[in-house]
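The block underneath contains the structure these notes are about, expressed in C-alpha cells.
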Protein chains: 2
Amino acid sequence: MGPVTTSASTPAAKAAPAKAAPARAVEQVAANAEHHTTEATASVAGVREATSHAVPVVIPAPVPQKAPHAPIGRIPVIEVSPVVEGGRWTAKAAVGEVVPIEATVFRVGHDAVSATAVLVRPDGTVHSTSPMQDIRPGLDRFQGFLQPDAEGDWSFRVEAWSDPYATWVHDATIKFAAGIDQDLMLAEGALLFERIAAPEAQAARTPEDAAIVARAAAELADTSRPGHARLAMATTHAVQDALRRNPLRDLVSPSATYPLRVHRRLALFGSWYEIFPRSEGAVRHEDGTWSSGTLRTATQRLPRIAEMGFDVIYLTPISPIGTQFRKGRNNTLEAQPGDPGSPYAIGAPEGGHDAIHPELGTEEDFAFFVAQAQENGMEVALDLALQCSPDHPWVEQHPEWFRTRADGSIAYAENPPKKYQDIYPLHFDNDPSGLREAVLEVVLTWIRRGVTLFRVDNPHTKPLDFWEWLLADVHAQHPDVIFLSEAFTKPAMMQTLARIGFHQSYTYFTWRNHKDEILEYFQEVSGPQGSVMRPSFWPTTHDILPPYLQHGGVAGFAVRAVLAATGSPTWGIYTGYELVENVPRPGVEEQIDNEKYEYKARTWEHADEIGIALLLERLNEIRRGHPALQQLRNLTVHASENPNVLAYSRRIRAEHLATARPDGAAPVAGEAADVILVVVNLDPWGGQESTLDLDLAGLGLTSPDGDGSAPFFHVRDLLTGETYAWGRRPWVRLEPHRQVAHVLQVTRG
Amino acid sequence: MGPVTTSASTPAAKAAPAKAAPARAVEQVAANAEHHTTEATASVAGVREATSHAVPVVIPAPVPQKAPHAPIGRIPVIEVSPVVEGGRWTAKAAVGEVVPIEATVFRVGHDAVSATAVLVRPDGTVHSTSPMQDIRPGLDRFQGFLQPDAEGDWSFRVEAWSDPYATWVHDATIKFAAGIDQDLMLAEGALLFERIAAPEAQAARTPEDAAIVARAAAELADTSRPGHARLAMATTHAVQDALRRNPLRDLVSPSATYPLRVHRRLALFGSWYEIFPRSEGAVRHEDGTWSSGTLRTATQRLPRIAEMGFDVIYLTPISPIGTQFRKGRNNTLEAQPGDPGSPYAIGAPEGGHDAIHPELGTEEDFAFFVAQAQENGMEVALDLALQCSPDHPWVEQHPEWFRTRADGSIAYAENPPKKYQDIYPLHFDNDPSGLREAVLEVVLTWIRRGVTLFRVDNPHTKPLDFWEWLLADVHAQHPDVIFLSEAFTKPAMMQTLARIGFHQSYTYFTWRNHKDEILEYFQEVSGPQGSVMRPSFWPTTHDILPPYLQHGGVAGFAVRAVLAATGSPTWGIYTGYELVENVPRPGVEEQIDNEKYEYKARTWEHADEIGIALLLERLNEIRRGHPALQQLRNLTVHASENPNVLAYSRRIRAEHLATARPDGAAPVAGEAADVILVVVNLDPWGGQESTLDLDLAGLGLTSPDGDGSAPFFHVRDLLTGETYAWGRRPWVRLEPHRQVAHVLQVTRG
C-alpha cells in the first residue's frame, strides 16, 4: 500500500467564495491566488470558512518556501547562532548589547583554521571581531562577540579562513625541534612573510604592528643568521599578537548572512512600575463611597516612582468600562453600586479602546500625565487588552468582529462549562483586514498621545498572523515603540510570539522558586533564546501572587526583588510591592481585594518602615551603575553546597564597556571588565551558610591560558558597602532579617 | 569603543589575480564576481591565494543568503523535522522508507487543533497522512509518517488546521453533561453538519463513510428526537472514525515546503562484503614467492559471498600501485622484493585512478567480474581513494594538482614530524576546475565499467565543496550511484559530508562497546539525524580491529555481527571475519600481517567449523525477511537490569509494509506490524541473565488508548526457532558458547 491520497481538501478548493463575501475579502482571495500559482494545492489554504455560519473567511496563508541552496564553503561554516529557523525570523539585539555569535567551523587536514564574526550595518559596511575562540575543542564550535552601536536592521555572518601563519609556526616549531627540514621551513616562511608584509597588508596595520611585522620579515630573510634565530624572530609573542589583530586570511569562506534587528536600549534594559491610575489619589469617603483617582492625581506618585529608579510607568487600561455583567469586588459576578469594574472589560457608550474613561480624565489630562512622566525621566507604557465588554461600540458597529452563535447572539468568552459573560472576545477570521486596521488605528492613536510602550494583555488568545502584521506595521512607522507580551502559556506559543515581533515577554520567573529551577531558568533565558525572547522578570503582577510571596514575608519580597533585578536586564514591579501586600484571595494565587475590581488607596508612609522601597531604589541604582547588569547573554552560574544558597554572575568585557554605556563614556584608565556576582539566600525564614565554588573563568579571573591565576580577588557588596578578599571557594552566611543577598562587584584587586 | 573595523581583508580584496593565473582561473574570478554584486564585501572570498607561492587560487564562495521571510500562519507550524539548516540541504529518504515527520503546532484559544503531514511527489501531486499525533502533550509536538514510493526529488510540508467537529464534540459533550445550552449546541451541530455532509465533502469519502456521515447529519437534524439522542448519534465512534479519515479542516495553515531526496532502496538497506581481489586466488609458492589473485580468480568467491546473503561486493582499489617509497609488510618503510604494496598508493607508469593493475587483469576481466557479481545478485562497490603515489601519471602531467614546496619538490603527506613519503595528497586549490573534471572522469569511467557504488576513502581530507560539486554532478547523470563516506573523524565533519550528498557513512559503531554507549548511539543514528546521515555498521575493516574483538574470541565476533546487522539497515563485513582473524599488530588497532601490504590466502573450510559464516548467512536471511530491519528510524530501546544485557526493537506498522517491500506484496490476511526484538549478551566470556522491562508501546502491543493491553504475547527466536510466551518483564539468560543473542519476532499471539 502506497501513501494514501487524502481528498479531504478538494471540496474546499472547489468552493467558490460564498455569496456574502465583502469586496475586500474577494480581493484578498485574488491576492492569495497569485501567491500560490507555483503550487497546485496551496491555494486550498487561502479560502476557508471559520465559523459554522457560512461567513466567508480569508486566511493569508504563508507562501511555501525554503532556504535557497547555499553551497558549502571551502572551509565549512554550519549551525550559525543566533539564527531562527534558517533566518525565517530575525534575531534581536539592542544598541550596545554584546551578542555571542557561534558557529561550527572545521576544515580538512591539519592546517590551522580560524573564524571571524562579521557585523553588517544597515548601510552595508562591516565590522569584524578579532578571531573567534574554539570554545568546545573537539566539537569545532567557535564563539565571538558582536556589539551593534545603533538601531536598525543589521545582519551578521561568520567567515571561516585558513591561517597560513599559524600553520607555519606549528609545523616549523615541530620540525626545528625534530631537526628536520629546517632550511625548507625557513624558505617557506620567507615566502609567507612576503605576503604577510605586502604593502596592502601593512597599510591596514597600526604603525607599531607594521614595524613589528616588517622587522620579523627582514630577520627571517636574513640568511646570514642562524636558522633558530630566524625562526625565533618570526614567532615572537609580539609578532603573533600583531598577526592576531590583522591576520593573513586564506580561503575565506563566508556563511550565509543572517538578520539581526537592533532595537533601542530600553527594549533590553529597563525597570517598569505598574499602577492602576484610578487608585492613585482615590479617596474613600466616610459613607463608604469612593472618589476615583484621576490621571492628574496619579501624577503625584510619579516623582517617588522615578526616585526609586524606574524607567517606565505602566498603566493598566484607562478606557471606559462596561456595565453589563460588570464584575464586583473580588471577582464576584454581581457588581455592587459604586464598584468601578475591571478596566479589562473595555468599552462603554463613552467609547472603546481609543477612548479615555471619563472618571480618569480627558485627552489633555493624559497629555499632562505623559509630560509629567517625561519630566521625571520616565516613559509611559499602556495596556493593550484586545477584548470588549458587551457595551463596547464595536459590538453594534461591527458585529462581524465577534462570533455569532447559532441563535444569533454574540458569543461571550467561554471555557466550557465556564462562562465569562462580561467579555466578548474579538473574532479575527470574518473580516481580518477590517479588524486589523481598526486595532492599528487604536495603537497609533495612543502613540500619537505619547505612549511608547505597550504591555499586551493575553496576546496568545489572538491570532499570531494578526500580531506579526500589526507589529511589523507599527515598527515600520515607529521603530521606537516596544511591545511586551503577557503570554503566560506554553513554551511554543511564548517563543513564537517573540519570533514574530514582540520585543519582550513576561516569563515563568514568577513560578521558579527553588535553587535548581531558578538557575536553570536564568541560564535558559540568558542563552541563545535570549536573542529572540527577551525576558521581563516580575515578582508579582496584579494577577499573580505566588505562594512563595504569600508565605515569605518581607524577606521573601526582598529575595524575589533581588532575583528579578539581577536575573534579567528588564524587570517590573506591580505597585504595592513596597507594602508587602501578600494576602491572597482564598484558593487563588492572586491578591485579595484585587485592584482589578476596586479602588485601592495605599498608605505609602508605611513603605519606608518596611524597607522594600529602599531596596528597589538601591537595586535600580546598582543596575544603572553597572553595565554588566544591563546585558542579558552574559550569565555564569556558580556552584554552592547549600540548596538554599545560589550564586550567579554577569560580566561585560572592558572592550565592550563604551558601546554598552548610553553615554558612550570610555572606561576610566585601568578599568577592567564590569563583573557582578549575586549570592542569594532563598530561605526567607532562617540564616543559611554555604561554601561557594566559583567559576573563575566566568568571572574573568583566569588568564586566557587557564593557568588558574587570581587565587585572591576583591569583592565589594553594593548593597552594604562591605568589602572582602575572596578566593575560589569563599564561605558566605546570609541572615534574612539582616540581608537576603550579596550583590558584589568583583575586581582583580 | 564601538565595534572595531577590521581592515585585514582589504589587501586581498585589492590584490589582482597574480600574473601566472591560468585562463580558467581568471574566468572563474569573473563568474564569482558576478555572484557577489549584491554584497560589497563578499567578493573578498572569491580570490585567495592558498599556498605561499603566489599561485592564484579561486574559491567558489557561497553566496550569502538567508531563508526568505515566511509569515506565520493562522495556525502556527514551526520547527518542522527533518529539515537541515532551514532547508539549505535536503533530508534523505529511500524508496519505501517510513519517515517520521514532526512539527510544533499550536493555536490560540481552546478549539481543537490538528495537523497533517503532506508528501509532495516530484510531479507536484500530493499524498497526506491521517492526522498527526500529539506526541508530547503540553509541548505541542505532532508526529506523522510519510513513505515515498519512488526515487526522485520529493518534498513535504505540514498543514495545521482547526478541527471544528472535534471542538463541537468537546463543547457539546461538556455542556450536555452540565445541562446548559443544549438546544444551542444542537443547532450549532446541525449547521456544522451541513458543511461536513456537503456534496463535495461526501464525494471524497468511501461509500460506507459517506453513509455514516449522512445518517449522523439526518439524526442530528431530527428535532422530533430527544436532544441527548441527537447528540449521541452525531458522536458515535463510527462517525468520529469516518471524520478522522476525512476531516473537515478549517483555517488550513501550511508550513514551508521542505526538500526530501528519495534514493533507491540500496541506499538505506543493504549488506556489504569487502575483499582485496588480489588475495582471492593468490598462491604462495614453495619458494615463498606469491602469485597474485586476479579479478578472474576472485569471481570464484562470489557464489559463497552471495550465499551468505550479501548485496554488495566491495573491492579495495584495483589500480596500479606505486613503487617509490612502497610500504612493506606490516607497514614497514622498506618493501621487500615481491611485496605487492598498498593498493591505496595509487598510480604507476601503467596508469592512475582509471587504470586497472596489470596483475589483476584487464578491462575485460573487470567486466567479467561485474557480470559474475550480477549473476550472483550482487552489485560492485569500488574504493575511491583520491591520493597518488609518487609514480602517478598526474605528478608529471599536472604538478599543479599537488602542493609544491619552497624547494620546488612536490609535497608528500605529513603530520609533522611524521612523514608519509609514499603518498602525494592532491591539492585542490590551484586548479580546482581541472582537478574536479579529472576526478569526475575517473568516477564516470568506473560507472561505465559497471560500478554502482563507491566507498570513498578519507573524504574528510579533501575539500567539501569539491565533494558537493562531484556528488551533485554524478547524481544528475546517475541517480542510482551510491557513495559511502569513510570519514572516521569528528562529528561536524561526518555530519556535513552527509549533508552535502554522501548517501551513507561509516560510523562510530566500531568503538561503541558498552551497553549504555551502544544504546545511546543506536538511538542517535536512528533519530532525526538518520534522515541525513545514513549509518553503515562495520564490526571490522581492513584498518580497524577494535580491542573488544581482539579479546572476545568467537563469541565477540558473533556479538558484533548481531549488533551491526540489526542496529543499522546497512552493514558491512570485511573478509576474514568468518575466520575470527583477531590478532593485532602490536600497539595498533589493526590486524597483523595486514592485507593492505601483502597477499592473504585464506583457508575457507575453517569457516564452517567456527560458525560465524553461518551466523552471517542467517542474519542476512532474517534481514531480508523482515521489513522492520530494513528501516532506520524505527528503533525502541528497552530497559534491562544487567549491564551486560541490552535490548532494542524495530517495528514497522502494517500500513507501511507493502510499500516497504521491494516486491510491493501486500500483507497477508491478518498480518500485523513486523516487529523484531533483539536481546544481546555483551559478555563474550560468561553467561548473563536479566529481567527485561519492555516498552510495550514501542513494540506496538498497547492499544492507542494506552490501556496496558497485551499482558502476554508471543516471541519466536529467528536464530533458533524457539518460541516463548512473554509478558512485559520477561527473564532471559544467554550463554556465549551457545547463543549470544535472541533475535525475536514479536506477535500479538
Checklist outcome for this item: From most to least accessible, 1.4 Å probe, no ligand or DNA/RNA atoms counted, B:R728, A:R157 line up as B:R728, A:R157
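Net charge around B:R284, counting only other residues with Cβ within less than 11 Å of its Cβ (Lys, Arg = +1; Asp, Glu = -1)?
Numbers: positive: B:K600; negative: B:E286, B:D287, B:E598.
That works out to -2.
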Checklist entry - How much space per residue, in cubic angstrom, does the convex hull of the C-alpha atoms of the stretch B:476-606 take up? => result 144 Å³
Next on the checklist: Quick check for you: which residues of the stretch B:612-633 have the amide N under 20 Å from the point 7 Å beyond the Cα of B:E722 toward its beta carbon?
Outcome noted: B:612, B:614-616, B:618-619, B:622
Checklist entry - Rounded to the nearest 500, what is the protein assembly as shown's calculated 222 nm mean residue ellipticity when only DSSP H runs of at least 4 contribute -39500 (n - 2.57) each, over all residues? => result -8000 deg cm²/dmol
Checklist outcome for this item: Measure of exposure for B:K175: accessible area at 1.4 Å probe, Å² rounded to 10, is 10 Å²
Checklist outcome for this item: Per DSSP, the loop-located GluC sites (Glu not before Pro) within the stretch B:599-671 having at most 13 other beta carbons within 10 Å are B:E641, B:E671
Next on the checklist: Report the Cα centroid-to-centroid distance between the stretch A:194-262 and the stretch B:133-159 in angstrom, as an integer.
Outcome noted: 52 Å
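Under a Cβ-only charge scheme (Lys and Arg +1, Asp and Glu -1), can you give me the dipole magnitude of the stretch A:383-491 about the Cα centre, in debye to the nearest 20?
Charge dipole of the stretch A:383-491: 280 debye, to the nearest 20.
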Checklist outcome for this item: For the protein assembly as shown, shape from the Cα gyration tensor axes a ≥ b ≥ c, cut at a/c of 1.5 then a/b versus b/c, turns out oblate
Checklist entry - If chain A were replaced by its equivalent ellipsoid, with semi-axes equal to the square roots of 5 times the Cα gyration tensor eigenvalues, what would those be, largest first, whole Å? => result 54, 37, 21
Checklist outcome for this item: Beyond 15 Å, the calculated P(r) of the stretch A:393-434 holds a percent of Cα-Cα pairs equal to 43 percent
Next on the checklist: Using the Cα centre of the stretch A:547-625 as origin and beta-carbon charges of +1 (Lys, Arg) and -1 (Asp, Glu), tell me which of A:G556, A:L619, A:Y577 is placed farthest towards the positive end of the dipole.
Outcome noted: A:L619
Next on the checklist: Using the crude model of +1 on Lys and Arg Cβ and -1 on Asp and Glu Cβ, and no other charge, please compute the dipole size for chain B relative to its Cα centre, in debye to 20.
Outcome noted: 1020 debye
Checklist entry - So for the stretch A:393-437, taking the charge dipole from beta-carbon charges (+1 Lys/Arg, -1 Asp/Glu), which of A:W394, A:A413, A:N430 sits furthest toward the positive end? => result A:A413
Checklist outcome for this item: Summed over the other residues with a beta carbon less than 14 angstrom from that of B:L453, with K and R at +1 and D and E at -1, the charge totals -2
Checklist entry - A:H606 label points, 7 Å along Cα→Cβ, one per copy: pairwise distances from this copy to the rest in nm, shortest first? => result 9.3
Next on the checklist: Given the options B:F325, B:Y258, B:G227, identify the residue whose Cα lies farthest towards the positive end of the charge dipole of the stretch B:227-346 (+1 on Cβ of Lys, Arg; -1 on Cβ of Asp, Glu).
Outcome noted: B:G227
Checklist entry - For B:Q550 and B:E208 in the same chain, what is the full-extension length gain: residue separation times 0.36 nm, less their Cα-Cα distance, in nm? => result 116.7 nm
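Can you tell me the FRET efficiency between A:R585 and B:E689 if r is taken as the Cβ-Cβ distance and R0 is 60 Å, rounded to the nearest 0.05?
Efficiency, rounded to the nearest 0.05: 0.50.
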Next on the checklist: Consider the operator that turns chain A into chain B: which A residue has a Cβ nearest its axis, and what is that gap in Å?
Outcome noted: A:G86, 1
Item to check | Projected label distance in nm at B:R244 and A:H285, using a 7 Å step from Cα toward the beta-carbon | outcome: 6.5 nm
Checklist outcome for this item: Sorting A:T489, B:T362 on solvent-accessible surface, 1.4 Å probe, most exposed first, gives B:T362, A:T489
Checklist entry - If one takes the longest principal axis of the Cα atoms in chain B, at what angle in degrees, from 0 to 90 and to the nearest 10, does the Cα axis of helix B:432-448 lie? => result 80 degrees
Next on the checklist: Shape verdict for the stretch A:591-731, please, from the Cα gyration tensor: rounded (a/c under 1.5), prolate (a/b greater than b/c) or oblate.
Outcome noted: oblate
Checklist outcome for this item: Here the correct list, in nm and shortest first, of distances from B:G377 to the same site in the other copies, label points 7 Å along Cα→Cβ, is 8.5
Next on the checklist: Given a Förster distance of 30 Å, report the FRET efficiency between A:E396 and A:E437 from their Cβ-Cβ distance, rounded to the nearest 0.05.
Outcome noted: 0.95
Next on the checklist: Using alpha carbons only, how many angstrom separate the centre of the stretch A:542-612 from the centre of the stretch A:709-749?
Outcome noted: 28 Å
Checklist entry - Using Cα atoms only, what is the angle between the long axis of helix A:207-221 and the major principal axis of chain A, expressed in degrees (0 to 90) to the nearest 10? => result 40 degrees
Item to check | Copy-to-copy label separations for A:P586, where each label sits 7 Å from Cα toward Cβ, in nm and ascending | outcome: 8.7
Next on the checklist: How many angstrom lie between the Cα centre of the stretch A:100-129 and the Cα centre of the stretch A:424-453?
Outcome noted: 42 Å
Item to check | Net charge, A:E617 excluded, C-beta distance under 14 Å - Lys, Arg +1, Asp, Glu -1 | outcome: -1
Next on the checklist: What distance in nm separates the two pseudo spin-label positions at A:D407 and B:A472, each 7 Å out from Cα along the beta-carbon direction?
Outcome noted: 6.5 nm
Checklist entry - For the protein assembly as shown, with only Lys/Arg (+1) and Asp/Glu (-1) charged at the beta-carbon, what is the dipole magnitude about the Cα centre, in debye rounded to 20? => result 140 debye
Next on the checklist: Between helix B:515-526 and chain B, what is the angle of the helix's C-alpha long axis to the longest principal axis, kept within 0 to 90° and rounded to the nearest 10?
Outcome noted: 80 degrees
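The values are calculated or read from the model by the stated rules, or taken from the named source; none is laboratory data. This is a predicted model, so every value here is computed, not measured. Cβ coordinates were reconstructed from backbone atoms using ideal geometry, including for glycine residues, and neighbour counts include every protein chain displayed. When the accessible area is computed, the model is the full protein with side chains, heavy atoms only, and any ligands, DNA or RNA have been set aside. Shrake-Rupley method; radii C 1.70, N 1.55, O 1.52, S 1.80 Å.
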